[in-house]
Amino acid sequence: MAIVVNLDVMMAKRKMSLNELSEKVDITLANLSILKTGKAKAVRFSTLEAICNVLDCQPGDILEYVAE
């Protein structure tokens, strides 16, 4: 996959657990886990915006393009 999800890195930098982020962003733990593990096929801009708001980061801090 050419898009790498660095959500776990940002969560670690902010010392936030998956459960805490799930509650603050109002996304189910299962859906957040799918995103975190890179298994998501898509992400809504509203979801990305909410995550960036809670983690105080930019979308590029979470999503990264890596050439194959």
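Every read-out reported here was derived from the displayed coordinates using simple, explicitly stated rules and does not represent laboratory data. On a predicted model such as this, the values are computed, not experimentally measured, just so you know. A quick note on method: Cβ atoms are made from the backbone with ideal geometry, for glycine too, and the neighbour counts reach across all protein chains shown.
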Taking VAL9 as meeting all but one of (1) under 16 Å from PRO59 (Cα atoms); (2) in contact with a Ser or Thr (Cβ under 7 Å, 6 or more places away or on another chain), write down the number of the exception. (2)
Taking the stated definitions as given, is VAL9 of a type outside the set (S, T, N, Q) and closer than 16 Å to LEU55 by Cβ? yes
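Considering only residues of region 22-36 that are hydroxyl-bearing (Ser, Thr, Tyr) and without any contact (Cβ under 8 Å) to a residue 12 or more places away in the chain, which is farthest from MET11 (Cα to Cα)?
Once the filter is applied, the top-ranked residue is THR28.
For a quick check of your reading: which helices (runs of 4 or more DSSP H) sit entirely within the chain and have at least 3 residues that are in contact with a Phe, Trp or Tyr (Cβ under 6 Å, 6 or more places away or on another chain), at positive phi and surrounded by 12 or more Cβ atoms within 10 Å (Cβ to Cβ)?
Details: elements: 7-13, 18-25, 29-36, 45-55, 59-62.
Correct list: empty, since no element meets the threshold.
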